[in-house]
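Chemist: Sharing a structure, written as structure tokens. Questions coming.
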Amino acid sequence: MSVTSIEAESDSAADAGDLSTFGYGQQLRRKIGGYGSFAAGFSFVSILTTVFQLFFFGFGFGGPAFFWTWPIVLVGQLLVALCFAELAARYPISGAIYQWATRLGGRIWGWTAGWLMMVAQVVTLAGAAIALQVVLPPVWGGFQLVPGDSSLTSPTGAANAVVLGVILLAVTTAVTATGVRLMSVLNSVGVTCELVGVALLCVALFAHAERGPGVVLQTQGTAGHGYLWSFAVSGLMAAYVLVGFDSAGELSEETRDPRRTTPRTIVRAVLVSGLGGALMLLATLMAAGSVTDGSLGDPARGLPFVLTSRLGDTLGRVFLVDVAIAVAVCTLAIQTAATRMVFSMSRDGVLPFSSGLAAVNRRTGTPVRASVLVGVLAAALLLVNVGNPALFTTVASVCIMLLYLAYLMVTLPMLVRRLRGGLPTRAGEFSLGRWGVVVNLLAVAWGTLMAVNLGWPRAEVFDPAGGHIYLQWFAPLFLVGALAVGALAYTARTRRPAIVMLALDGAE
């Protein structure tokens, strides 16, 4: 046995011993290094997937000046990421949001945060898988398996999106069930392709610029009274994109030296996503053939149209293939994170059928049943898109609000803990030091503001076609429904989570 192997085994044993202090045994396999951890957080955000999918939304409401919502949201989410980095160093456990909220706010508070996060992850998984419809048919007409219009809002496009999405979910379910090493390798390769693609795409678009960077100051004639409202709505695009960086924390029990690795990768995922996304937005606005003809705000055209029209059909399709790769690894990352959340909560016995969902396959070292459940639920949700695409879009949008609420349910009790005497620290751990209270306070304020902004019953966001009042008020209705179903699930839980309460640091 080589010295390197001995050192690796020693480090793994140390990580397993560290995990045991929280009352858990090492069931999952530690195969993820620094880049793999970063890839987990970056691929959940997946700027190629989400910016391509949602560019039309931000531009449609705010015009070119919607660009400024991106740095605003980036700073706000960076505040949250810094708080999460501290917690990742203190509590390197799978099911990050659930575990952190439980230790900071108590059993029921943590369970609620975990439940909201789990629901949001499953729906977000379906939303990511359906994004293949935006990029694959333009690459090759043969990907339109259901004959007819490929537009995502058309009946045939919606049906084809479900077919492609289910195929992708079947693949990602198989990968997540096979083992964390395969998942990490595929994810890392995919993220590398995405990073290279973003860089080359920005260079190509800047080289075909039609106008200068001053375009980001244009409001398309909506400046003055009322633009602030449009600006706030357009900011939902950035809010939808810059989430999921906490997924690096979901893989803490499979990451080597997670107390040092995970905090860095959480922050790095936000910063790299923020920089890459800003350059993509600016390059697109500068290279677009027109910013006034309505094409950039058209759901059927948007950013993909800029690629094919400005870079030529062949080069545009090459970049769309790279986007398809990003969609695939984004879907894989979300499913992996959701699976670890189900596993973590089931291990504590706080979900129905916990014993089965918490089982880890001895051969693969993965929670196979949890992975299959997440994949099946996401595939079932895709069927909603066939009968009512508007409803599916609304559900996907509302679930981003649930993500922000789950984040807030971590940062809020964290702030309370700081004000009551601080958080426990160990030498060498990531810490905000004396800036902790300020950063945490701003993170709570930001999270509250965005949760309200995301859930505000705007007809133009949730019911653009009109005539469906339930869609306009879907955010609060869905939240109440999710909590009601969650309450039933909690009463049907397997057992009282006695083990996890051993490491609550005094929270009740």
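Yes/no per residue for (1) touching a Phe, Trp or Tyr at 6+ places or on another chain (Cβ under 9 Å); (2) of a type outside the set (D, E, K, R):
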position	(1), (2)
LEU405	no, yes
LEU442	no, yes
TRP456	no, yes
GLU460	yes, no
LEU471	yes, yes
LEU483	yes, yes
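Chemist: Of the residues PHE84, PHE57, only one is assigned to a helix (DSSP H, G or I) and surrounded by fewer than 24 Cβ atoms within 10 Å (Cβ to Cβ); which?
Modeler: Details: PHE84 fails: surrounded by fewer than 24 Cβ atoms within 10 Å (Cβ to Cβ).
So the residue among PHE84, PHE57 that is assigned to a helix (DSSP H, G or I) and surrounded by fewer than 24 Cβ atoms within 10 Å (Cβ to Cβ) is PHE57.
Chemist: Could you pull out the residue among THR172, THR178 that is under 30 Å from GLY36 (Cβ atoms), among the hydroxyl-bearing types (Ser, Thr, Tyr) and modelled with pLDDT of 95 or more?
Modeler: From the options THR172, THR178, the qualifying one is THR172.
Chemist: Filter region 124-162 down to the residues that are among the β-branched types (Val, Ile, Thr) and under 25 Å from ALA333 (Cβ atoms) and list them by number.
Modeler: Those that are among the β-branched types (Val, Ile, Thr) and under 25 Å from ALA333 (Cβ atoms): THR124, ILE130, VAL134, VAL135, VAL139, VAL162.
Chemist: Also: Given the criteria modelled with pLDDT under 95, closer than 17 Å to VAL180 by Cα and not charged (D, E, K, R), does GLN53 qualify?
Modeler: The answer is no for GLN53.
Chemist: Can you tell which of LEU442, LEU402, LEU408 is within 24 Å of the chain's Cα centre (by Cα) and either within 30 Å of GLY157 (Cβ to Cβ) or of a type in the set (S, T, N, Q) (or both)?
Modeler: Of the residues listed, the single one that is within 24 Å of the chain's Cα centre (by Cα) and either within 30 Å of GLY157 (Cβ to Cβ) or of a type in the set (S, T, N, Q) (or both) is LEU402.
Chemist: Something else now. Evaluate the following for MET401: is it in contact with a Cys (Cβ under 8 Å, 6 or more places away or on another chain) and either part of a helix (DSSP H, G or I) or farther than 18 Å from MET118 by Cα (or both)?
Modeler: Values: in contact with a Cys (Cβ under 8 Å, 6 or more places away or on another chain): no; either part of a helix (DSSP H, G or I) or farther than 18 Å from MET118 by Cα (or both): yes.
It is false that MET401 is in contact with a Cys (Cβ under 8 Å, 6 or more places away or on another chain) and either part of a helix (DSSP H, G or I) or farther than 18 Å from MET118 by Cα (or both).
Chemist: Condition first: touching a Leu at 6+ places or on another chain (Cβ under 8 Å), in contact (Cβ under 8 Å) with a residue 60 or more places away in the chain and of a type in the set (A, V, I, L, M, F, W, C). Can you find one or more residues in region 141-151 that meet it?
Modeler: No, because not a single residue in region 141-151 is touching a Leu at 6+ places or on another chain (Cβ under 8 Å), in contact (Cβ under 8 Å) with a residue 60 or more places away in the chain and of a type in the set (A, V, I, L, M, F, W, C).
Chemist: Pairs only if they're at least six apart or on different chains, beta carbon under 7 angstrom, first in region 153-182 and under 27 Å from LEU28 (Cα atoms) and without any contact (Cβ under 8 Å) to a residue 60 or more places away in the chain, second part of a helix (DSSP H, G or I) and hydrophobic (A, V, I, L, M, F, W, C); list them, first residue then second.
Modeler: Pairs found: LEU182/VAL175.
Chemist: Please verify whether SER309 is in a helix (DSSP H, G or I) and farther than 20 Å from GLN121 by Cβ, treating the condition exactly as stated.
Modeler: Yes.
Chemist: Hey, another quick one. Sort through ALA300, ALA324, ALA328 and tell me the only one that's aliphatic (A, V, I, L, M) and part of a loop (DSSP other than H, G, I, E, B).
Modeler: Numbers: ALA324 fails: part of a loop (DSSP other than H, G, I, E, B); ALA328 fails: part of a loop (DSSP other than H, G, I, E, B).
None of the others qualify; the one that does is ALA300.
Chemist: Could you say whether any residue in region 260-272 is without any contact (Cβ under 8 Å) to a residue 60 or more places away in the chain and in a helix (DSSP H, G or I)?
Modeler: no
Chemist: Taking LEU357 as the residue in question, decide whether it is hydrophobic (A, V, I, L, M, F, W, C) and free of Cβ contacts under 8 Å to residues at least 60 places away in the same chain.
Modeler: Considered against the rule, which asks whether it is hydrophobic (A, V, I, L, M, F, W, C) and free of Cβ contacts under 8 Å to residues at least 60 places away in the same chain, LEU357 comes out as yes.
Chemist: Related question: Failed condition for ARG317, given (1) touching a Phe, Trp or Tyr at 6+ places or on another chain (Cβ under 7 Å); (2) modelled with pLDDT under 95; (3) within 22 Å of ILE47 (Cα to Cα), with all others met?
Modeler: Failed condition: (1).
Chemist: Cβ-Cβ distance below 7 Å, separation of 6 or more or different chains: which pairs start in region 479-495 with a residue that is farther than 22 Å from ALA396 by Cα and among the basic types (Lys, Arg) and end on one that is crowded, with 16+ Cβ neighbours inside 10 Å and at pLDDT 90 or above?
Modeler: Qualifying pairs under 7 Å: ARG493/GLY349; ARG493/VAL350; ARG493/LEU351; ARG493/SER354; ARG495/GLY349.
Chemist: Ok, one more. Counting only residues that are at pLDDT 95 or above and out of contact with any Phe, Trp or Tyr (no Cβ under 6 Å at 6 or more places or on another chain), how many does region 361-377 have?
Modeler: Of the residues in that region, 9 qualify.
For every residue, the table says whether it meets (1) in contact with a His (Cβ under 6 Å, 6 or more places away or on another chain); (2) part of a helix (DSSP H, G or I); (3) aliphatic (A, V, I, L, M); (4) surrounded by 14 or more Cβ atoms within 10 Å (Cβ to Cβ).
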{"residue": "VAL163", "(1), (2), (3), (4)": "no, yes, yes, yes"}
{"residue": "THR173", "(1), (2), (3), (4)": "no, yes, no, yes"}
{"residue": "LEU186", "(1), (2), (3), (4)": "no, yes, yes, yes"}
{"residue": "GLY197", "(1), (2), (3), (4)": "no, yes, no, yes"}
{"residue": "VAL216", "(1), (2), (3), (4)": "no, yes, yes, yes"}
{"residue": "LEU228", "(1), (2), (3), (4)": "no, yes, yes, no"}
{"residue": "VAL233", "(1), (2), (3), (4)": "no, yes, yes, yes"}
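Chemist: Oh, and also: Checking GLY17 against (1) part of a helix (DSSP H, G or I); (2) more than 20 Å from LEU275 (Cα to Cα); (3) touching a residue at least 24 places away in the same chain (Cβ under 8 Å); (4) of a type outside the set (A, V, I, L, M, F, W, C): exactly one of these is not met. Which one?
Modeler: Condition (3) is where GLY17 drops out.
Chemist: Scan region 447-463 residue by residue and report those that are touching a residue at least 60 places away in the same chain (Cβ under 8 Å) and not aliphatic (A, V, I, L, M).
Modeler: Residues satisfying the conditions are GLY447, ASN453, ARG458, GLU460, PHE462, ASP463.
Chemist: Is it true that SER295 is assigned to a helix (DSSP H, G or I) and either touching a helix residue (DSSP H, G or I) at 6+ places or on another chain (Cβ under 8 Å) or surrounded by 20 or more Cβ atoms within 10 Å (Cβ to Cβ) (or both)?
Modeler: No: the conditions fail for SER295.
Chemist: When the residues of region 404-431 are filtered to those that are outside any helix (DSSP H, G or I) and among the aliphatic types (A, V, I, L, M), which remaining residue is farthest from ALA459 (Cα to Cα)?
Modeler: So the residue we want is ALA427.
The values are calculated or read from the model by the stated rules, or taken from the named source; none is laboratory data. These numbers come from a predicted model, not from an experiment. Backbone-built Cβ (ideal geometry, glycine too); neighbour counts: all protein chains shown.
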